[in-house]
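Working notes for the structure below.
A short reminder: the numbers here are calculations on the coordinates, not readings from a lab. Everything numeric in this text was worked out from a predicted model, so none of it was measured.
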Amino acid sequence: MAYILNIDTSLSTAFVTLTKNGETISFVSNDIQKEHASFVHVAINELLQNENIDANKLDAIAVTVGPGSYTGLRVGLAAAKGLCYALNKPLIAISTLEAMAKAQIMIHPSETKMLFCPMIDARRMEVFTAMYNYHLELVLSSKALILTNDIFDVELQNHKIMFFGDGMTKWKNICTHNNAFYSNEINFMEALNKLSYIRFSNNNFSDLTYTTPLYVKEFYNP
């Protein structure tokens, strides 16, 4: 039996979930992005108190490390690391894009030949993106891309590709390829919970000292 606390503050909606063997026991979410910093610790305490679970009974802390909101990534990872240090628990760091892709694979279990391309809006015509196959193996590594109508021509010639995420709309407006598909469905929370339990079961933990946010693109601070 494994109790895992999962934290995501990388996107516009933040959440904290408590899971048992990968299944959600309870969660708290916040839709106001500028309040993620004040939300996360309150949410953690609320979850544990409501479920009457002592923090020391947690088996691991999982957190999304990006890409996403620069401030959000720092908030989530700092909270997760602080708990790991205080409770002497392992850290599980998960790419936001990987969790998004996992969510789509769970929604489309029969699409074994399709590629999955999450897109996080990075303003203007730029997105944070990556590409995964059905087995959640990277086809294109995480990067910041400025969208042009031919940027995925090679991949689209050979594969059907599912595009999704809050950056998808910009791409949908300029891509007319027959192999491009789009999905507004996503259960990001459930996907993160499943991934963290898989990592825990495989003893696939992250280095508590050296794990840093996956910014993909350097933060500009004039």
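Please turn the phi angles of the stretch 204-209 into ³J(HN,Hα) values with the Karplus equation 6.51 cos²θ - 1.76 cosθ + 1.60 (θ = phi - 60°), one per residue in order, whole Hz, x for glycine and proline.
Values per residue, Gly and Pro as x: 9, 9, 9, 6, 5, 7 Hz.
For the stretch 13-30, take each phi angle, set θ = phi - 60°, evaluate the Karplus expression 6.51 cos²θ - 1.76 cosθ + 1.60, and give the result in whole Hz per residue in order, putting x for glycine and proline.
9, 9, 8, 10, 10, 10, 10, 10, 6, x, 9, 5, 8, 7, 8, 9, 10, 9
Provide the per-residue ³J(HN,Hα) series for the stretch 121-128, in order, calculated from phi with Karplus coefficients 6.51, -1.76, 1.60 and θ = phi - 60°, each as a whole number of Hz, with x at glycine and proline positions.
4, 10, 6, 6, 9, 9, 9, 8
Could you state the number of Å between the C-alpha centres of the stretch 77-119 and the stretch 168-222?
7
From largest to smallest, what semi-axes in whole angstrom does the stretch 97-183 give when each is the square root of 5 times an eigenvalue of its alpha carbon gyration tensor?
18, 14, 11
Could you work out the relative contact order of the stretch 97-183? I mean the mean sequence separation of Cα pairs under 8 Å and 6+ apart, divided by the number of residues, in percent.
Answer for the stretch 97-183 is 29 percent.
Using only the Cα atoms, what convex hull volume per residue in Å³ does the stretch 167-222 have?
So the per-residue Cα hull volume is 176 Å³.
Compute the angle between helix 36-50 and the longest alpha-carbon principal axis of the chain, please, reported from 0 to 90 degrees and rounded to the nearest 10.
50
Considering Cα pairs under 8 angstrom that are at least six residues apart, work out the relative contact order of the chain and quote it in whole percent.
21
Per residue Cα convex hull volume for the stretch 1-94, in cubic angstrom?
Here the figure is 82 Å³ per residue.
If you scale each eigenvalue of the Cα gyration tensor by 5 and take the root, what three semi-axes come out for the stretch 42-195, rounded to whole angstrom and sorted largest first?
33, 16, 13
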